[in-house]
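Everything on this sheet refers to the single structure shown next.
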Amino acid sequence: MKKLLQTALLISPAFVLADDLEFYRDVYPFLKGNCISCHNKTTTKADLNMETPELMIKGGESGPSIIPGKSAESLIVAASLHAKDMEMPPPNNKSGAVNLTPEQIETLKLWIDQGAKSTKPQERTIVLQAFSASVDPIYCLAISKDGRYAACGRSNRIFVYDLATRQLVAQVGDPAEKNGAAHRALVQSLSFSPDGTRLASGSYREVKLWKLDMAKPAANAPKSSSSPASPDLVKKIATAGKVVILSSAMSADGKQVAIGCDDGSVRIWDVATVKPVIELRGSLAAAKKMAEFDWTIAAQTLEQSFQKSEIARIESQDKALDILLGKAKEAITTMSKVLPEKQKAVPPTTEAKNTAQKAVDELTAKLAGKKDVAVEKELKTAQDKLITVKMTEVSALAAVSAAESNVKDAEDDVKRITASKAANAKAVAAANAAIAAAKAAQDKAAAELVALKQSLTKSSVKPVAVSFSGASQRVASMFEDGTLRVWAAATGTPIEESGASTATTTITSSPDGTFTASKSVTQTAGTAPRWTLERKIDQKGLFADRVNAVRFSPDGKTLATGGGELSRSGDIIFFDVATGKTTQTWKEKHSDVVLCLDFSPDGKKLASGAADKIVRVSETATGKQLNLLEGHTHHVTSVAFRNDGRVLATAGAEGTVVTWDMIIGERKKKIEGWTKEVTSLQFIGATNQIITSAGDNRVRIVNDEGTEIRNITDLPDYMQAAVSTPNGGMLIAGGEDSLLRVWDATGKAVASFGAK
């Protein structure tokens, strides 16, 4: 990522006396890029950390790297001079480290000879220069939960777009910054609160919270109305559309006409072709209800898919259990057949042992301390025979014991396998019940959605007046019940509504004694969304560097931020949204900077990905680690929970997406097909589909099993972020060329927005 920062070290005058050499002032600056880049807390090559004099004195595998007062005996000096078969830094190193200059080596030697003095780290003043007009990449995107607004960060500015009207509606700016900027440095991260009333943004060492304010139009603002269509055009449209037209209005450019029809609809027609463009129906409440139905249908589809996969897994397990059960029963049958024979073989061996023992006893008694060579020889033979028959008895008993043990083990296996199959049967029954419940909920939502859509086509309330907005991006209609509704002309989305109010009736009289009564209703609709700065969080020492990730908890009460110190630590800090106060700090949760965060749908878990190539899932309340997921070979750039919390998707800079089964905490699928970094990912609504952006100039949609759904290719530049509306109806992405692109669900481009 490109950052135009200028760092100024606060040091003493350039001329430094020989007896004034200090580590952080005089030595650390040239060691940092050429030695410490490989010998630090995180990358401790040769077990040597050179970040402080104390650590260098402690040394590594080769012993102390410095000996205070003795530069000629210090390994760091020898390595810098390429002496004693040492060459540091090594040639062609990945850190870009270069050899120390003769002047730097002399400074290093003098500092060691003076005792290798240590001082406190120097304070740094960061002077942020103005950005060039050409520096405006999009590094982050956010979309409101209702899919209405999309925000992107360009350079140090934030732009918010209305996806319904497909227009820029706000540039979020901090009055304390210049040129309408939101931050002094690049905008690194964005997140909308679940209710859409707040927007969080992260930048260099600061987080800002922006509050949505729906500003009403000024009372004295100039007003205008759309001109009605000509009678001839109205007649043509009425004939072509077979409708009765109650009202009409021309767009400002004269290319479109809006008509109010007696069937309760408002329609937009193209004037040149006299063809319909879009039909406007419904209210905000109806649109919200339809979105809820769509979400329910998707969520219940996902639930059924999961339960079916569980049934398939259990059935596969049952097949394996059936094989084991068959073997266990076969073992019981086989061992039960041979057991009587083995038991029958024991008594003869016991009898033989007893007989042999009796013979030994008798011969032993016969000797009774006497010396009789013949009897002794006979006793020796009897004793050898006793040993043999005892071993025969032991073997016979062992054979019986083994057979009995095999039968018992097989019987235990039968019990265990039978219990497992019974548990599986219960699990299958529960899964089938869950499928039935999900199917019922899905069918109910689908039926209600159909009914709602049908009811909108049968509205009996007629539009008595229509009008375009000045830029023709909105269409408003006044209905006979006094309701004023506004739609986005491009998408047909209801966006504003004003309820019926009491009508004002006046009666006037004429000199001839007649009376005239008039009735009028005044309604106002149309608000301009503004995001004003609510809170700035930038306490000294709070954030070590860039805030790479911001994420609201599902209840909107907590904001989690991710960052840390490059190559040293990955920190996660939680804030209370209402007060801005820190509620938890997870220092060094990762060994390198945290790049991405996501809460589980229930808010009980937080997934974090970092430059250390690790994904951690932690308990939100306590910070306790629940899962450590290792599957990437490069930075983890994005993490996202599926709507049901059962799957986590992670993106890596090595060009892969990995999905994880969060029930068992193991890898589900490694998805490949990208040629460069996967820069972001997001689950689309309540589905198992994932939208991704990547450095290979593509926006790609895959499901969590790895099947490709859509691939938008040939984009002109490195894509840094992509998001989708909850229903997947619009796909949005941005990248290095600063252009925010919008496609419909089929991948057809419908809009694009530049920085100007």
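Identify all aspartates and glutamates with a Cα-Cα distance to Lys319 below 15 Å; exclude those on the same chain that are fewer than 8 residues away in sequence.
Glu310
About its Cα centre, how strong a charge dipole does the chain have in debye, to the nearest 20, once Lys and Arg get +1 and Asp and Glu get -1 at the Cβ?
Computed about the Cα centre, the dipole is about 1200 debye.
Heavy atoms only, 1.4 Å probe, whole protein assembly: order Tyr204, Tyr28 by accessible area, highest first.
Listed by decreasing accessible area, they come as Tyr28, Tyr204.
Near Lys453, which lysines are there with a Cα under 20 Å away, not counting those fewer than 8 places off in the same chain?
Filter leaves Lys288, Lys289, Lys444, Lys462.
Probe radius 1.4 Å, ligands and nucleic acids left out: which of Leu280, Leu246, Leu484 has the largest accessible area, and how do the rest follow?
Output order, biggest surface exposure first: Leu246, Leu484, Leu280.
At 1.4 Å probe size, with the rest of the protein present, what percent of the exposed accessible area of the chain is carbon and sulfur atoms?
54
Going through the cross-link list Lys58/Lys540; Lys70/Lys117; Lys344/Lys390; Lys145/Lys756; Lys145/Lys587, which pairs have a Cα-Cα distance over 20 Å in this structure?
Table pairs above 20 Å Cα-Cα are Lys58/Lys540; Lys145/Lys756; Lys145/Lys587.
Before rounding to the nearest 500, sum -39500 (n - 2.57) across all DSSP H runs of length at least 4 in the chain and divide by the residue total; then give [θ] at 222 nm in deg cm²/dmol.
About -9500 deg cm²/dmol.
Using every alpha carbon pair in the stretch 588-668, what percent of pairs falls into each 5 Å bin from 0 up to the bin containing the largest distance?
3, 18, 30, 28, 16, 4, 0
Suppose all protein chains stay in the model; what accessible area per residue would a 1.4 Å probe give for the chain, in Å²?
With all protein chains present, the chain gives 50 Å² per residue.
Quick one: if you take sqrt(5λ) for each eigenvalue of the C-alpha gyration tensor of the stretch 325-484, what semi-axes come out, biggest first, whole angstrom?
Computed over the stretch 325-484, the values are 99, 16, 9 Å.
If you add up the charges near Ala72, with Lys and Arg at +1 and Asp and Glu at -1, over every other residue whose beta carbon is less than 10 angstrom from its beta carbon, what do you get?
Counting the neighbours of Ala72, the net charge comes to 0.
Please report Rg (one decimal) and Dmax (integer) in Å for the Cα set of the chain.
Answer for the chain, Rg first and Dmax second: 39.7, 168 Å.
Which entries of Lys358/Lys380; Lys120/Lys178; Lys211/Lys581 have Cα-Cα distances beyond 24 Å here?
Checking Cα-Cα distances, Lys120/Lys178 exceed 24 Å.
By per-residue mean of other Cβ atoms within 10 Å, what is the highest-first order of 20-26, 440-446?
Per-residue mean Cβ counts within 10 Å order the peptides as 20-26, 440-446.
To the nearest 10 square angstrom, what accessible area does Lys327 show with a 1.4 Å probe?
130
State which helices in the chain qualify, where a helix is a whole DSSP H run, it must extend 27 Å or more along its own axis by its Cα atoms, and its mean Kyte-Doolittle hydropathy must be at least -0.5.
284-344, 373-457
Among the aspartates and glutamates, select those whose C-alpha is under 12 Å from the C-alpha of Lys408, and discard any that sit fewer than 8 residues away in the same chain.
Within the straight-line limit of under 12 Å, Lys408 reaches no aspartates and glutamates at all.
Per the Kirkwood treatment, what hydrodynamic radius in Å, one decimal, follows for the stretch 576-716 from the mean inverse distance over all distinct Cα pairs?
Evaluated on the stretch 576-716, it is 15.3 Å.
For the stretch 326-373, take N as its residue count and report Rg(C-alpha) divided by 2.2 N^0.38 Å.
2.16
Beyond 15 Å, what share of the Cα-Cα pairs of the stretch 665-734 is found? Please give it as a whole percent.
Result: 49 percent of Cα pairs exceed 15 Å.
For the stretch 149-250, report the translational diffusion coefficient in µm²/s to the nearest whole number, using Stokes-Einstein at 4 °C, 1.567 mPa s, and a Kirkwood Rh over Cα pairs.
75
Let me know the volume per residue of the alpha-carbon convex hull for the stretch 228-386, in Å³.
Taking only Cα atoms, the stretch 228-386 has a hull volume of 318 Å³ per residue.
The values are calculated or read from the model by the stated rules, or taken from the named source; none is laboratory data. Model, not experiment: these values are computed from the prediction. So basically every Cβ, Gly included, is an ideal-geometry build from the backbone, and we count neighbours across all protein chains shown. When the accessible area is computed, the model is the full protein with side chains, heavy atoms only, and any ligands, DNA or RNA have been set aside. Shrake-Rupley method; radii C 1.70, N 1.55, O 1.52, S 1.80 Å.
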